[in-house]
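**Student:** If you scroll down you'll find the structure; I have some questions about it.
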Amino acid sequence: MKESVDAFDVLAIVKELQELKDSYIDKVYQIDDEIYIKTKGKKKVEIFIKAGKWLCISKYREESKEHPPAFAMILRKYLGNGKIVDIKQHDFDRIVIFEVQKEQKYKLICEFIPNGNIVLVGEDEKIIMPLMYQKWAHREIKRGEAYIFPPSKINPKEISYEEFKEKIFGAKDVVRGLVKLGIPGKWAEEICYLANVSKEKLPNETSDEEMKRLYEKMRELFEKFEEGAFKPVIVKCNGDVDVLPMPIKRYEGCEQKEYESVNEAFDEFYYKFLRKEKEEKKELEEEKEKIKRQIKQQEEAIEKFKEKEIKYRQEGDAIFANYELVKKILEGEKNELIIARKYPKVIVELPYGDEKVKVELDLNKNVYQNAEEKYEMSKKMKEKIKGAIEAMEEAKRKLKELDKIKIEEKKIKKKRRKYWFENYRWFISSEGNLIIAGKDAKSNEKVVKKYMQDDDLYVHADVHGAPSCIIKASDIYGNKKEIGEQTIKEACQFAVSYSKAWGQSYGVAIAYWVYPWQVSKRAESGEYLPTGAFVIRGKRNYEKCQLEAGVGIVEINGEERVMGGAPSAVKKWAKKWIIFIPGDKDKNEVAKELAEIFGCDVEELQRALPPGKLAKKEEKL
C-alpha cells in the first residue's frame, strides 16, 4: 500500500493548491507529526501536512481538546493572519514551500522525503522553528541555523536531450535510467509504455529513435501535469491499494474509483486506508500494552500470594511447635511473648527454628483451631496462586495471538501483484518476448482464443498431449517487440519440454510453429474438435529440440518470481537457476528441495517444473 506521496503526486497537488494563493492563514492545529493549516479569505479549507509522508486539502481533521503543542503555537504566532503569496515544489523533489507574507516573508518548508521535517524559515533563510531537531553530515535542522535543502537529483523537467541520453546510458536498463533522473518507478514504467520501449531494454541496445521517444514522452507527461489534465483515481488491484493523479497502464483492468480533484482523492485515500490502518495499529498496541500490564500485575500478585502462603504455613507450624505455650496464652496466662492484645485477638511472637514468628491468635479458639485456621489460609493462598498463574497464562496466550495479527498484517503487506500470464505456463525469452502456454485443455483453448493476436506465433510440440504455446509480439508489459529466431527456438524447446515427451524420457523431440491465421477451431466436415484442440492448415515450420528446462528466480518490478522455461532464457534473466533433463527424481521432492534453496513456495515451483521425473544437468546458486 502506498504510504507517502511521490514527486509526481506533489507536482499535481501543488498545481491544485495554486487556488489558495492570496488566501490568509487563520489557525494552525497539530496532532503529533500532523499539521492542519486552516485558511480564510479567498478560500476556506484546511491543508493537511504529515511530515515525510502526505499533503492534501482535507476535511477529516479531528477536534482536540488538548492544548496545542509548541510548534503549532509558533506557527500561529508567525503565520497567523499572514497572506499566502506562493506555493511551489522545490525543483522536482518531494518538498513543498509555502510562502506567507506578514511584516516579512516567511517560508514553511514541508519535506515529504523519508524522515522529512516541517520547518519554519525567516526571510534571512534561517530556521525559526523545526517540527523536530535533526542532524546529518551535510546539514543540521535546528533553530538559528541556515536551512539547507536535502541533496537532490538532477531536475528532469529541465534536462536537455543530450543530458537525458547520457544519464540513461549510465544505467542497467532504460527504466532504471529514468529512475536515476528522479522519475518515480511507476511513472518511469509508464513513460516506457507510452514510448513503446521495453523497460528492461539495455541502453546500448536502444536506438536513437527510441531514446528520443522516451525523452518526448517524459516531456509530454510533465506537460500533462503542468496543464492540470488530471483524472485522479484510487485503485484496488490484487490486494493492493494506490492513489494516482491519473490512471496508468500498470493498473489497467483493476478496480478504479474516480474523483473530482487530486486533493480529494489523496484525502480519501489517507483517511480510509492509511489513517484507518494507523488507528487499528494503535488500538492493537494499546490492547497489547493493557495485557502486558495485566501480566505484570499477575506476576506481582503471585509473588505476594507465595509470601503469604509461606507465612501462614509457618504460623501454623509455629503454633503446633509451641503447643503448651500457646495453650496457656489462650487460657489467659500472661507472657512476655505477647506484644499486642485486642479482644478477641492477641498477637504473640513464637519461637520458630532460629527465628521468631509473629502470630495472631483468636482467644475464642483452641490451639488446634488456631493452627488449622492458618493452614486453611495457606491453602487459600495456594489456590490463589494457581488461579493467578492460569490467568497469567491466558493473558500471555492473548498477547501471542495479538502478535500473530501483526505478523499476518506484514504477510498481507508483502502480498505481491499477480500478472495475468501467471495463470498459465509462461517465461520471458532471452530477447524479451513473453511466451505463454496452456496447462490443460481448457487453458489451451483460452490462450489461443483470448490472447493470440495477428502479430504473434503459435507453437506446438509434435506429440500428443502437448500445450498450445503463444509467442507474444510484445514483452510482459504489452510493449511491442519483434519475434526473433532465438525466441522461436526457445518457445519450441519450451513446448516439447512441457509436453508428455518429457515423461517418456526422450532426449530430443520435434515442435513446430505457424502463424495465427493457420490456427482454426473449425474442423473438417464430419469431424469433431475437443476442448483445447485446433486444426492447423498450411505449412508447418519444424524445430528439433533438446528436452531441457530451466527453473530460476527472476525479478519483475522489484518482486521475485519463479520462472520455468527454455534454459537459455532462464540463464539470461534469473539470479539463481537450475537446468533439468528427464531423469529419475520425483518432481515433488525436487520442488521441496528448491523451495528451501530459492526461499519460495513449493506450489510455485511445482507449477514451473516440467511434467515428469527430473535430473539436474547444471546450476548457478
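The values are calculated or read from the model by the stated rules, or taken from the named source; none is laboratory data. In this text the structure is predicted, and so the values were computed from the model without any measurement. Neighbour counts are summed over all protein chains in view; Cβ atoms, including those assigned to glycine, are modelled from backbone coordinates with ideal geometry. Quick note on the areas: whole protein, heavy atoms, side chains included, nothing else; ligands and nucleic acids left out. Shrake-Rupley method; radii C 1.70, N 1.55, O 1.52, S 1.80 Å.
**Student:** If I filter the stretch 211-226 for residues that are under 24 Å from the mean Cα position of the chain (by Cα) and hydrophobic (A, V, I, L, M, F, W, C), do I get at least one hit?
**Tutor:** Scanning the stretch 211-226, I find no residue that is under 24 Å from the mean Cα position of the chain (by Cα) and hydrophobic (A, V, I, L, M, F, W, C), so the answer is no.
**Student:** Looking only at the stretch 44-89, which residues are more than 25 Å from residue 264 (Cα to Cα) and of a type in the set (Val, Ile, Thr)?
**Tutor:** Selection gives 74 alone.
**Student:** Continuing with the same structure: Quick one: which residue in 111, 145 is under 20 Å from residue 37 (Cα atoms) and of a type in the set (D, E, K, R)?
**Tutor:** None of the other options fit; the residue is 111.
**Student:** For the stretch 498-514, indicate whether the set of residues that are open to solvent by 30 Å² or more (accessible area, probe 1.4 Å), within 25 Å of residue 454 (Cβ to Cβ) and not hydrophobic (A, V, I, L, M, F, W, C) is non-empty.
**Tutor:** Checked the stretch 498-514: no residue is open to solvent by 30 Å² or more (accessible area, probe 1.4 Å), within 25 Å of residue 454 (Cβ to Cβ) and not hydrophobic (A, V, I, L, M, F, W, C).
**Student:** Got a sec? Which of 216, 200 is over 24 Å from residue 13 (Cβ atoms), charged (D, E, K, R) and at pLDDT 95 or above?
**Tutor:** 216
**Student:** Restricting to the stretch 135-178, name every residue that is part of a loop (DSSP other than H, G, I, E, B), open to solvent by 60 Å² or more (accessible area, probe 1.4 Å), among the acidic types (Asp, Glu) and within 24 Å of residue 218 (Cα to Cα).
**Tutor:** Hit for the stretch 135-178 is 158, nothing else.
**Student:** What number of residues in the stretch 211-255 are among the acidic types (Asp, Glu) and under 18 Å from residue 156 (Cβ atoms)?
**Tutor:** Of the residues in that region, 5 qualify.
**Student:** On the basis of being hydrophobic (A, V, I, L, M, F, W, C), without any contact (Cβ under 8 Å) to a residue 40 or more places away in the chain, farther than 30 Å from residue 297 by Cα and exposed (fewer than 12 other Cβ atoms within 10 Å of the Cβ), does residue 321 make the cut?
**Tutor:** In short, no.
**Student:** May I pose another question? Name the residue, out of 15, 43, 65, 59, that is open to solvent by 60 Å² or more (accessible area, probe 1.4 Å) and outside any loop (DSSP other than H, G, I, E, B). Give the steps one after another, and end with the answer.
**Tutor:** Numbers: 43 fails: outside any loop (DSSP other than H, G, I, E, B); 65 fails: outside any loop (DSSP other than H, G, I, E, B); 59 fails: outside any loop (DSSP other than H, G, I, E, B).
Of the residues listed, the single one that is open to solvent by 60 Å² or more (accessible area, probe 1.4 Å) and outside any loop (DSSP other than H, G, I, E, B) is 15.
**Student:** Name every residue in the stretch 333-370 that is under 13 Å from residue 318 (Cβ atoms), basic (Lys, Arg) and touching a residue at least 12 places away in the same chain (Cβ under 8 Å), in order of residue number. Quick ask: steps written out before the conclusion?
**Tutor:** Residues of the stretch 333-370 under 13 Å from residue 318 (Cβ atoms): 337, 347-361, 367, 370.
Right, trim to basic (Lys, Arg) and you get 356, 358.
Of everything in the stretch 333-370, just one residue is under 13 Å from residue 318 (Cβ atoms), basic (Lys, Arg) and touching a residue at least 12 places away in the same chain (Cβ under 8 Å), namely 358.
**Student:** Residue 608 passes all but one of (1) in contact with a helix residue (DSSP H, G or I) (Cβ under 7 Å, 6 or more places away or on another chain); (2) open to solvent by less than 30 Å² (accessible area, probe 1.4 Å); (3) not basic (Lys, Arg); which number fails?
**Tutor:** So the condition that residue 608 fails would be (1).
**Student:** Another question about this same structure. Restricting attention to strands (runs of 3 or more DSSP E) lying wholly within the stretch 333-378, give those where 2 or more residues are within 13 Å of residue 320 (Cβ to Cβ), of a type in the set (Gly, Ala, Ser) and open to solvent by 70 Å² or more (accessible area, probe 1.4 Å).
**Tutor:** none
**Student:** Can you find, within the stretch 18-40, the residue that is modelled with the lowest pLDDT among those that are in a loop (DSSP other than H, G, I, E, B) and out of contact with any Ser or Thr (no Cβ under 7 Å at 6 or more places or on another chain)?
**Tutor:** Ranking the qualifying residues of the stretch 18-40, first place goes to 32.
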